[in-house]
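*Asks:* Pasting in a structure now, in structure tokens, and then I'll have a few things to ask.
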There are 2 protein chains.
Amino acid sequence: MNAAEGLVRTLVGAGIEVCFTNPGTSEMHFVAALDRVAGMRSILGLFEGVVSGAADGYGRMAERPAATLLHLGPGLANGIANFHNAKKARTPIVSLVGNHALSHLRFDAPLSADVEAIARSVSAWVRSARDPAELPSDGAAAVAAALAPPGGIATLVVPADVAWGEAEGPAPELPVRKRETVATDSVRDAARALRSGEPAVVLMTGAALRERPLAAAGRIARATGARLFCNTFNARLSRGAGRVAVPTLPYFAEAASEALRGVLHLVLVGAGPPVAFFAYPGRPSALTPEGCSVHALASPAQDAEAALEALQDELGARSAPPELAELRRPDAPHGALTAGAIGASLAALLPEGAIVVDEAITGSPALQGPTATAAPHDWLFLTGGAIGQGLPVATGAAVACPGRKVVCLEGDGSAMYTLQSLWTQAREGLDVTTVILANRSYAILQVELARMGFRDPGPRARDMLGIARPALDFVRLAEGMGVRARRATSAEDLHRELATALALPGPRLIEAVIQG
Amino acid sequence: MNAAEGLVRTLVGAGIEVCFTNPGTSEMHFVAALDRVAGMRSILGLFEGVVSGAADGYGRMAERPAATLLHLGPGLANGIANFHNAKKARTPIVSLVGNHALSHLRFDAPLSADVEAIARSVSAWVRSARDPAELPSDGAAAVAAALAPPGGIATLVVPADVAWGEAEGPAPELPVRKRETVATDSVRDAARALRSGEPAVVLMTGAALRERPLAAAGRIARATGARLFCNTFNARLSRGAGRVAVPTLPYFAEAASEALRGVLHLVLVGAGPPVAFFAYPGRPSALTPEGCSVHALASPAQDAEAALEALQDELGARSAPPELAELRRPDAPHGALTAGAIGASLAALLPEGAIVVDEAITGSPALQGPTATAAPHDWLFLTGGAIGQGLPVATGAAVACPGRKVVCLEGDGSAMYTLQSLWTQAREGLDVTTVILANRSYAILQVELARMGFRDPGPRARDMLGIARPALDFVRLAEGMGVRARRATSAEDLHRELATALALPGPRLIEAVIQG
């Protein structure tokens, strides 16, 4: 068989069932191989940022990699922003990138570019295939590399003549490195800190944020009085009724510093010491309070759940009852359509097991607040700050979890980076409800401009941060890609449209025209 | 003044009047500076690929750089595909990329990425600013680097704390290196080859493709019998009535080889030896016929016009009358809406001085043929093969040439990469008529799959190359971004809508539903 087919069979054998793709000429043998091999679902994106973001959403929910298939350096470059978010989420992805035939590279044809250099910026592992006979085992190595803790992007660059050469057949699956257990000393050190009675915070991200490890964290908090936080942006957080509620560390550095004021012990589980998202003149980047000692309980590559349970046991807290969120369904909101009103509607209507993808940016706090006591759900964040992540991640999450409703909360500015996702949602009939929070500006940048000291921006500065001229019509944009859409201009509108969208299967979009 | 303002004033002083931008927090001081400095027009794009492509279109037409302002590694990455096309077009661009404050970089905040590594893949020159006092002179160096022959992308990475630091004021403009004159020996060598009477081709690209150098090439052809070709893809080609018509070398390698069969002398003006766009099993990448001698008359950095005129003079052809295209306006086409019908309508209706941006891919030959004898116009090509170039380049060309009609001929698949360009066209009131050739497939890939030997692709392969499920509605998509749009399903429809769009100012879109 040709090497492309050997590679596809290898991936299927290693449990990879989905390939998000936007192929080109150099990937034609791979495309043809997908015809001949059962077990791999190919999902087309109209733009590479959709492909990379969908693989991120898929990996966060499925906990195993999807493959992506992109075309040469420029195609890969179009996917980099969402690969960047996936890298920060530590999502396992097997990224296949076609390249010119090895024999063709020296001619510097128009599409020639340094594929490996572009891949390196986001990848945990990069290999350029050189030999068709080895391509299947290159693929097996890529799967193992993507899954090696803490998880990452494994990029396999496949020259066209390697893909069309001959291979003997698929390569066997390789063993995957397990997550390390944390050292007993780290557990004891954290326990000592928490037993001291001094103000303490447990800051978590990554695998710590699932129901079981959160319960352990809740017992630790109950037993010691330590406060729990998670990072501002996390790959996936289990929350809602019946779960231990963990607030996110606030986005703005001043507020984060305020939240950590007076803390003398910071226990880190999968997280690094807190830092500001951006630097500002005259303000510190590091947010660990002065005099606070940092206790690294578990690194991102270590087993967070086992670490938290060991700490719970070390503290004798195994039977402490964690504080669990109780279900609270607010009344339907009335009047002006604000982010808070959307948050209330969501909290009232969110179905159990929903997956919420949050790229609402300035709108996020008002959405996260009320939903902390909604039906149990998973919340996926913008992990790397590269906007245009929400719609693709929602797309991939829906592919990974066909029985669960996906709700994508999306800023209008951010939506426009990867709006093509809607077409893939329509094509695949994915169960995604998208709510566009249309404030018609890059509202976060208006805030940031003021925070930088420019309180009264002139007309040209305001112009660059406003997107109301002309107003985007998301109803037409969605319908243009085959997704049903409605506009809401009041809280009542939004509640009604959201109830409809959540009750019916398939992709729908609501443009929520936000006031204030 | 702060260094950001010193940089903006330096750029304005060096003749840079336009900044295409999609800024973020790390660029707020630059945004604020744009308020305070007259003479720089800031144009917002909703996606970075719009920004980089618009700068390409602007630079091709204005023959001086626009600035671009992008946000950190992921923002730059989103612009790379069209920067790649600009690199292959040798378009001068000053690319400013904000970065985290130098003091913030070591904290690996979520948006941290290797900006320089990403920039290097497309840039002729990269510098990371380190000192606010030096930022204005860094900017002056970037302008000179962008304009250094043959022209390219000069990337200046600006950490936030460098932008907000103090500078004394703008830096003076730096001298720009001139294009080299070709050596007399090269002219004599080419003249000897063309005088031999043996079959010869002059292959041109770049600056050779403007009216004056083409006239010299036409005299050379008339005097010697040499045939003229330009590359398949060129930054800008002057064509139409009154110009020397130069066919493009065919895209597919077999056809290009056929066109060059028997040629014994190949004279290169700005072009390299011809190569296939992609490699195919068992076929050569290099297309220079066996036994053909190659005469490099002018490199891309050399003065092509002077070279062609020197060659013309060396051949004693100064008074040879070049063969000029005569104006031929075909009758309005009837019946089925094919690419050929669109070509006929264009040839009939194209206004004098129009700028045609061609990303019609499989549709291009049928559009290029009939318009060779249309009113005089410039034709801009997809130089680097990274699709999603047409709409942004049209946007930038319209900014550069406000008195000229821009016509963008765009495939439906390609349009979806950077459709956000339409919003910028609406916002700026740009005089662009976009014709979407909607064949509802990646037609070029269907051709390529067959050329790779897969004559009867299965359902999954076909599925990945078709975009009819669901059909994109470009009328709604355009209207959603504030651009008037109509759908044409017959040649008559198209002719009528094109006549309307070309007669009225401002952005309009026609979705041409192509048959066959």
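Just so you know, all these numbers are worked out from the coordinates, no wet-lab data involved. Since the structure is predicted, the reported quantities are computational estimates derived from the model, not experimental observations. Positions of Cβ are backbone-derived with ideal geometry, glycine not excepted, and every protein chain shown enters the neighbour counts.
*Asks:* If you wrap a convex hull around the Cα atoms of the range A:339-513, how much volume per residue is inside, in Å³? Provide the component values of the computation, followed by the final result.
*Replies:* On the way: hull volume 19.1 nm³, N = 175.
Cα convex hull per residue, to the nearest whole number: 109 Å³.
*Asks:* While we're here: What's the FRET efficiency of A:ALA450 with B:ALA133 using the Cβ-Cβ distance as r and R₀ = 25 Å, to the nearest 0.05?
*Replies:* 0.40
*Asks:* Quick one: if you take sqrt(5λ) for each eigenvalue of the C-alpha gyration tensor of the range B:128-195, what semi-axes come out, biggest first, whole angstrom? Display every interim value, and only then the final one.
*Replies:* Working: eigenvalues 341, 26, 7 Å².
Values for the range B:128-195, descending: 41, 11, 6 Å.
*Asks:* Can you list, shortest first in nanometers, how far B:GLY15 lies from the same residue in the other copies, with each label 7 Å from Cα toward Cβ?
*Replies:* Values, ascending and in nm: 6.1.
*Asks:* Using a 10 Å cut-off around each Cβ, can you sort A:ILE153, A:ILE355 from fewest to most neighbouring Cβ atoms? Could the numbers behind the result be given before it?
*Replies:* Working: A:ILE153 29, A:ILE355 25.
Listed from fewest to most nearby Cβ atoms, that is A:ILE355, A:ILE153.
*Asks:* Please report, largest first and rounded to whole Å, the three semi-axes of the ellipsoid equivalent to the range A:299-419, where each semi-axis is the square root of five times an eigenvalue of the C-alpha gyration tensor.
*Replies:* Semi-axis lengths for the range A:299-419 are 29, 21, 14 Å.
*Asks:* For the protein assembly as shown, what is the charge dipole size about the Cα centre, in debye to the nearest 20, if Lys and Arg each add +1 at the Cβ and Asp and Glu each add -1 at the Cβ?
*Replies:* Details: 92 positive and 100 negative charges, 147 e Å.
Here the protein assembly as shown has a charge dipole of around 700 debye.
*Asks:* Shifting gears a bit: Please sort by residue number the GluC sites (Glu not before Pro) in the range A:299-370 whose DSSP state is loop and whose Cβ has at most 11 other Cβ atoms within 10 Å. Can you show the working numbers first?
*Replies:* Working: sites: A:GLU305, A:GLU309, A:GLU314, A:GLU323, A:GLU326, A:GLU352, A:GLU359; in loops: A:GLU323, A:GLU326, A:GLU352.
Those that pass, being in a loop and sparsely packed, are A:GLU326.
*Asks:* Stick to Cα atoms and the Kirkwood definition of Rh, then tell me Rg/Rh for the protein assembly as shown.
*Replies:* 0.99
*Asks:* Count the DSSP beta bridges whose two residues both fall in the protein assembly as shown, then state the antiparallel fraction as a percent rounded to the nearest 5. Walk me through the intermediate numbers first.
*Replies:* Values: 16 of 146 bridges.
Bridges in the protein assembly as shown are about 10 percent antiparallel.
*Asks:* Follow-up question, since we're still on this one. From the phi angles alone, apply the Karplus equation (6.51, -1.76, 1.60; θ = phi - 60°) to the range B:270-277 and give each ³J(HN,Hα) in whole Hz, x where the residue is Gly or Pro.
*Replies:* Residue by residue, the range B:270-277 yields x, 9, x, x, x, 10, 5, 5 Hz.
*Asks:* Ratio of the range B:3-163's C-alpha Rg to 2.2 N^0.38 Å, to two decimals? Could the numbers behind the result be given before it?
*Replies:* Details: Rg = 13.8 Å, N = 161, 2.2 N^0.38 = 15.2 Å.
Against the empirical 2.2 N^0.38 Å value, I get 0.91 for the range B:3-163.
*Asks:* Please tell me which of these pairs span more than 22 angstrom C-alpha to C-alpha: A:LYS88/A:LYS178; B:LYS178/B:LYS405; A:LYS87/A:LYS405; B:LYS87/B:LYS178? Don't skip to the end; give the middle numbers.
*Replies:* Numbers: A:LYS88/A:LYS178 20 Å; B:LYS178/B:LYS405 31 Å; A:LYS87/A:LYS405 25 Å; B:LYS87/B:LYS178 19 Å.
With Cα atoms farther than 22 Å apart: B:LYS178/B:LYS405; A:LYS87/A:LYS405.
*Asks:* Rounded to the nearest 20 debye, what is the charge dipole size of the range A:374-516 about its Cα centre when +1 sits on each Lys and Arg Cβ and -1 on each Asp and Glu Cβ?
*Replies:* Values: 15 positive and 14 negative charges, 32 e Å.
For this selection, approximately 160 debye.
*Asks:* Would you mind listing the distances between the A:ALA38 label point and the same position in each other copy? Use 7 Å along Cα-to-C-beta, nm, one decimal, shortest first.
*Replies:* When each copy's label point is compared with this one, the spacings are 7.5 nm.
*Asks:* May I pose another question? Net charge within 11 Å of A:GLY385 by Cβ-Cβ distance, Lys/Arg positive one each and Asp/Glu negative one each, not counting A:GLY385 itself? The partial results should precede the final answer.
*Replies:* Details: positive: A:LYS88; negative: A:GLU359.
Overall, the nearby charge balance is 0.
*Asks:* Smallest Cβ-to-axis distance in chain A, for the rotation taking A to B: which residue, how many Å?
*Replies:* In chain A, the Cβ lying nearest the symmetry axis toward B is A:ARG476, 2.
*Asks:* Could you let me know the centre-to-centre spacing of the range A:199-213 and the range A:308-367, using Cα atoms, in angstrom?
*Replies:* The two parts, judged by their Cα centres, are 15 Å apart.
*Asks:* State the antiparallel share, in %, of DSSP beta bridges confined to chain A, rounding to the nearest 5. Please list the in-between numbers first.
*Replies:* Values: 8 of 73 bridges.
Counting DSSP beta bridges with both partners in chain A, the antiparallel share is about 10 percent.
*Asks:* What is the antiparallel percent of DSSP beta bridges lying wholly in the range B:1-125, to the nearest 5? Write down the numbers at each step before the final one.
*Replies:* Working: 0 of 13 bridges.
Approximately 0 percent, going by the DSSP bridge assignments.
*Asks:* Quote the Stokes-Einstein diffusion coefficient, in whole µm² s⁻¹, for chain B, based on the Kirkwood radius over alpha carbon pairs, a temperature of 37 °C and a viscosity of 0.692 mPa s.
*Replies:* Numbers: Rh = 23.9 Å.
It diffuses with D of about 137 µm²/s by this estimate.
*Asks:* Under a Cβ-Cβ cut-off of 11 Å, what is the net charge of the residues other than B:ARG179 that fall near it, where Lys and Arg count +1 and Asp and Glu count -1? Each step should come with its number before you reach the end.
*Replies:* Details: positive: B:ARG177, B:LYS178; negative: B:GLU180, B:ASP303, B:GLU305.
Around B:ARG179, the surrounding residues sum to -1.
*Asks:* Sort shortest first the distances from A:PRO351 to its counterpart in every other copy, using label points 7 Å along the Cα-to-beta-carbon line, and give them in nm.
*Replies:* 5.4
*Asks:* Follow-up question, since we're still on this one. Counting only helical runs of four or more DSSP H residues, what would the 222 nm mean residue ellipticity of chain B come to if each run contributes -39,500 (n - 2.57) and the total is spread over all its residues? Let's see the in-between values first.
*Replies:* Working: 20 runs with 199 residues, N = 516.
-11500 deg cm²/dmol, from helical runs alone.
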